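Visitor: Mind having a look at this structure? Questions to follow.
The values are calculated or read from the model by the stated rules, or taken from the named source; none is laboratory data. Note that the structure is a prediction, hence the values are computed from the model and not measured. Don't worry about glycine lacking a Cβ; one is built from the backbone with ideal geometry, like all the others, and counts go over all protein chains shown.
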Amino acid sequence: TNGAGSSHLLRHVSSLAANPPSRLNAVVLGDALASEENDLVIPNPDFSAQAHVPSPAEYLDMYKRSVEDPAGFWSDIASQFYWKQKWDSPVYSENMDVSKGRINIEWFKGGITNICYNCLDANIAAGNGEKIAIYWEGNELGVDATLTYSQLLHKVCRLANYLKDIGVKKGDAVVIYLPMLMELPIAMLACARIGAVHSVVFAGFSSESLSQRIVDCKPKVVLTCNAVKRGPKVIHLKDIVDAALADSAKNDTVVDVCLTYANESALTKESTKWVEGRDVWWQDIISKYPNSCDVEWVDAEDPLFLLYTSGSTGKPKGVLHTTGGYMVYTATTFKYAFDYKPSDVYWCTADCGWITGHSYVTYGPMVNGATVVVFEGAPNYPDSGRCWDIVDKYKVSIFYTAPTLFVTRYSRKSLRVLGSVGEPINPSAWRWFFNVVGDSRCPISDTWWQTETGGFLITPLPGAWPQKPGSATFPFFGVQPVIVDEKGAELEGECSGYLCVKSSWPGAFRTLYGDHERYETTYFSAFPGYYFSGDGCRRDKDGYHWLTGRVDDVINVSGHRIGTAEVESALVSHPQCSEAAVVGVEHEVKGQGIYAFVTLVEGVPYSDDLRKSLIMTVRKQIGAFAAPDKIHWAPGLPKTRSGKIMRRILRKIASRQLNELGDTSTLAEPGVVDQLIALADS
Ligand code: PRX
């Protein structure tokens, strides 16, 4: 189905490989260089010598095959995994063009496998039963635990047996609302083992958000814990679940069982509110079940999980990933993008409530049999050195985090590879991460991807390429990124535009749960024939990719993806708010901050109390992480004559780029702009 489309990229890459810039001969750390595009950081030769992909030429060979013969490339890789039965022919089939009918992506169809089996049983069978699977580090200093692969299997099996016993079957949804206890990956794996479809809801979402997700996917059971300590604060998760379940019951969704882990370091069992007949203590019941459990063998295209994510409009959508392609893709990207070796200790700071935690805390690493650090707490508790203490304590060699977590201390000897995700990393932050944390020794994998993509799409392969600080570099094997203009025409060479992907990859999401039409219109209609990412991107003269952020109404706050429409609908639900427009602004710590313009109901005066109450409303409806950083009172909003809010102008006002407002003459009431500027800091 492809090959030709990647020709422009292959051209770039081959010309760079054939004529390396002259600086390839010297180690350049970049500070002295003027232009970021010419700023090359050369991989340490010792690192390259031991890397899975040691040079651009090697990358190029593999990349070329991956796009010219995807079926052959991916079936060779997939053959290294455990399949009860091999997939049918063809290896994959796809239609990514709306004009040719239903959008459809399938990989390894007919192949029978189980991802939990590949994570646990297969690694144990290979002799790694006694290897540490999880180093768990609690919120409080000195509180920790470990699980070997065999111990992890036993825990997963007990829970899987319990779930089966209460009637959870293949294809049933299970909602998981847990913090970063070991029970979170255990719960995910237990669902996967019996073919149930998990939907993890980040334990920072409010009861209303949780309820919305429960009503959408209708689970029989919710898995949670009574409370958690995050930093010095106790969060009563069970209360949030109780409220969510009461709310979803009102919306015709009754959950039979709430399995609750007693996290007694945060809250005693006695102080936990209890609903008889529905609530069950995890520890009391699970130990009664056997520690082995037969695997439910599933088709590669059977669903593995749902994960709700924000879009630019409407309510959160359930991104659906299936089993086989996701397994092969997350495990393979993990191995190559972090140059993973069996002796590594790997720590990803993401929470399993987000896609990063699904693909790169649980599945990708565990299919590889990696030792994974799972951290319950906050990176700045009890102080900002906590991350580095954890790196030292467990001798972490691969450290994967978000640019917002680049807390400073000093370099750590055990580190070998650094990773970054969630937002564009600016060149100076990149250099700091490289020079200070990595001691100028560790390559940085700036991984670009999304909930929808399942795994990395554009990422450096450590040791293979000279890096440019701030660039995610080149596509992963099999991925054909294209940059298009507004009309959807592919741009060649040095260019900048909308980032799309041509042709599918095994980890791609297959649909939005219960709404295939929205899947097609959101992702495949803007630029027919391509998957549209919603991000902007520039490709430089050497073919390196530079992500420039979202081009739609989605904001990335500290790596948490938030739709402006969701925050707006929370704000207007406040009885005194009549209209709201939310935009993202640059934020020093969070990457992006939430900036809300609000118009009040006629006659209501703006006050500090009202400001606080508006913010509270958002916290309650979505979660604390979505609270606006700034409320800007707007007696009127800039609108076109047809009534469309001009967000472009609001973004400029929010970032105080007042001399870049552009043409305001087409506004219905041009005067509102001056009024807004006057009220900016009131
Ligand atoms: O804008 C891009 C940004 O995060 C968005 C995806 O968010 P989410 O689905 O929540 O997944 C986050 C973790 C993969 C993208 O559309 N993004 C993610 N990684 C990068 C990035 N922007 C720039 N550079 C990255 N490395």
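Visitor: Would you point out which residue out of Leu10, Leu24 is outside any loop (DSSP other than H, G, I, E, B), crowded, with 16+ Cβ neighbours inside 10 Å and either at pLDDT below 65 or not β-branched (Val, Ile, Thr) (or both)?
Guide: Leu10
Visitor: Condition first: crowded, with 17+ Cβ neighbours inside 10 Å, closer than 24 Å to Ala678 by Cα and either within 14 Å of the ligand (Cβ to nearest atom) or among the small types (Gly, Ala, Ser) (or both). Now tell me which residues in segment 574-599 satisfy that.
Guide: Ala580, Ala581, Gly584, Gln592, Gly593, Ala596
Visitor: Gly454: touching a Ser or Thr at 6+ places or on another chain (Cβ under 7 Å), modelled with pLDDT of 90 or more and on the phi > 0 side of the Ramachandran plot, yes or no?
Guide: yes
Visitor: Would you call Ile483 in a strand (DSSP E or B), under 23 Å from Val554 (Cβ atoms) and either within 16 Å of the ligand (Cβ to nearest atom) or in contact with a Pro (Cβ under 8 Å, 6 or more places away or on another chain) (or both)?
Guide: Yes.
Visitor: Can you list the strands (runs of 3 or more DSSP E) found entirely within segment 564-637 that contain at least 1 residues being in contact (Cβ under 8 Å) with a residue 24 or more places away in the chain and in contact with a Cys (Cβ under 8 Å, 6 or more places away or on another chain)?
Guide: 591-600
Visitor: Sticking with this one: Of all residues in segment 316-334, which are under 27 Å from Val215 (Cβ atoms) and more than 16 Å from the ligand (Cβ to nearest atom)?
Guide: Answer for segment 316-334, where residues must be under 27 Å from Val215 (Cβ atoms) and more than 16 Å from the ligand (Cβ to nearest atom): Thr322, Thr323.
Visitor: Shifting gears a bit: Just one of the numbered conditions (1) surrounded by fewer than 18 Cβ atoms within 10 Å (Cβ to Cβ); (2) more than 15 Å from the ligand (Cβ to nearest atom) is not true of Leu571; which one?
Guide: Of the numbered conditions (1) surrounded by fewer than 18 Cβ atoms within 10 Å (Cβ to Cβ); (2) more than 15 Å from the ligand (Cβ to nearest atom), the odd one out for Leu571 is (1).
Visitor: Something else now. On the given criteria, is Ser504 in a strand (DSSP E or B) and among the small types (Gly, Ala, Ser)?
Guide: no
Visitor: Go through Asp542, Asp629, Asp553, Asp608 for me and flag whichever is more than 30 Å from Asp302 (Cα to Cα), surrounded by 19 or more Cβ atoms within 10 Å (Cβ to Cβ) and over 18 Å from the mean Cα position of the chain (by Cα).
Guide: Every option except Asp542 fails the conditions.
Visitor: Any residue that is under 21 Å from the mean Cα position of the chain (by Cα), near the ligand (Cβ under 10 Å from one of its atoms) and within 27 Å of Gln467 (Cβ to Cβ) - is there at least one of those in segment 515-534?
Guide: Scanning segment 515-534 turns up at least one residue that is under 21 Å from the mean Cα position of the chain (by Cα), near the ligand (Cβ under 10 Å from one of its atoms) and within 27 Å of Gln467 (Cβ to Cβ).
Visitor: Inside segment 435-478, can you point out the residues that are surrounded by fewer than 24 Cβ atoms within 10 Å (Cβ to Cβ), within 13 Å of the ligand (Cβ to nearest atom) and in a loop (DSSP other than H, G, I, E, B)?
Guide: Gln450, Gly470
Visitor: Let me ask something else about it. Could you check how many residues of segment 479-518 are surrounded by fewer than 23 Cβ atoms within 10 Å (Cβ to Cβ) and farther than 23 Å from Val328 by Cβ?
Guide: Of the residues in segment 479-518, 21 are surrounded by fewer than 23 Cβ atoms within 10 Å (Cβ to Cβ) and farther than 23 Å from Val328 by Cβ.
Visitor: Filtering segment 261-309 down to residues that are assigned to a loop (DSSP other than H, G, I, E, B), of a type in the set (A, V, I, L, M, F, W, C) and closer than 30 Å to Tyr92 by Cα, which residue is nearest to the ligand (Cβ to nearest atom)?
Guide: Result: Ala300.
Visitor: May I ask you to list the residues in segment 516-528 that are out of contact with any strand residue (DSSP E or B) (no Cβ under 7 Å at 6 or more places or on another chain) and either of a type in the set (D, E, K, R) or not in a helix (DSSP H, G or I) (or both)?
Guide: Glu517, Glu520, Ser525, Pro528
Visitor: So how many residues does segment 348-363 have that are of a type outside the set (S, T, N, Q) and buried (at least 24 other Cβ atoms within 10 Å of the Cβ)?
Guide: Residues flagged as of a type outside the set (S, T, N, Q) and buried (at least 24 other Cβ atoms within 10 Å of the Cβ) within segment 348-363 amount to 7.
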